[in-house]
1. Taking the stated definitions as given, is E38 of a type in the set (D, E), over 11 Å from the mean Cα position of the chain (by Cα) and assigned to a helix (DSSP H, G or I)?
2. Could you please give the count of residues in segment 24-33 that are in contact (Cβ under 8 Å) with a residue 12 or more places away in the chain and either of a type in the set (G, A, S) or surrounded by fewer than 16 Cβ atoms within 10 Å (Cβ to Cβ) (or both)?
3. Have a look at T42, T55 and point out the one that is of a type in the set (S, T, Y) and more than 11 Å from L74 (Cβ to Cβ).
4. Condition first: touching a helix residue (DSSP H, G or I) at 6+ places or on another chain (Cβ under 9 Å) and within 14 Å of D23 (Cα to Cα). Now tell me which residues in segment 33-70 satisfy that.
5. With (1) part of a loop (DSSP other than H, G, I, E, B); (2) modelled with pLDDT of 85 or more; (3) surrounded by fewer than 16 Cβ atoms within 10 Å (Cβ to Cβ) as the list, and R82 as the residue in question, which single condition is left unmet?
6. Return the residue satisfying two criteria in turn: it lies in segment 1-23 and is assigned to a loop (DSSP other than H, G, I, E, B) and surrounded by 12 or more Cβ atoms within 10 Å (Cβ to Cβ), and of such residues it is modelled with the lowest pLDDT.
7. What are the residues in segment 41-75 that are part of a strand (DSSP E or B), modelled with pLDDT of 80 or more and either of a type outside the set (A, V, I, L, M, F, W, C) or more than 17 Å from A31 (Cα to Cα) (or both), if any?
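The values are calculated or read from the model by the stated rules, or taken from the named source; none is laboratory data. This one's a predicted model, so the numbers in the text were calculated from it and none came from an experiment. As a convention, Cβ positions derive from the backbone with ideal geometry for all residues, glycine included, and neighbour counts pool all protein chains shown.
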Amino acid sequence: MNTVCLPTRLRQASAEELACQADVVLVVGGARSNNTRELVATCRRHCGRVVHVQTAADVRADRLEGAVRDVRALGAGGKPKRAA
């Protein structure tokens, strides 16, 4: 069963274009999100350095080192969670 939401499927073409232009792609989304996994897989087909992060704390400088052209970020666009 395909559980990827329509907005993510539509976003995949943009993700491909973005990944072709970047040295590093950061995909922001939940660890269990199928939408996020699909965007990571899409980007990896076009960019050798794709990093899945869940929060700003996951973005480390060493993951961005050596990026000459560009670093891009995108998200799967799930529902935001409220802070407890």
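1. So E38 does not fit the description; no.
2. 4
3. The conditions single out T55.
4. C43, R44, R45, H46, C47, R49, V50, V51, R69, D70
5. (2)
6. Of everything passing the filter in segment 1-23, V4 is modelled with the lowest pLDDT.
7. The one that is part of a strand (DSSP E or B), modelled with pLDDT of 80 or more and either of a type outside the set (A, V, I, L, M, F, W, C) or more than 17 Å from A31 (Cα to Cα) (or both): H52.
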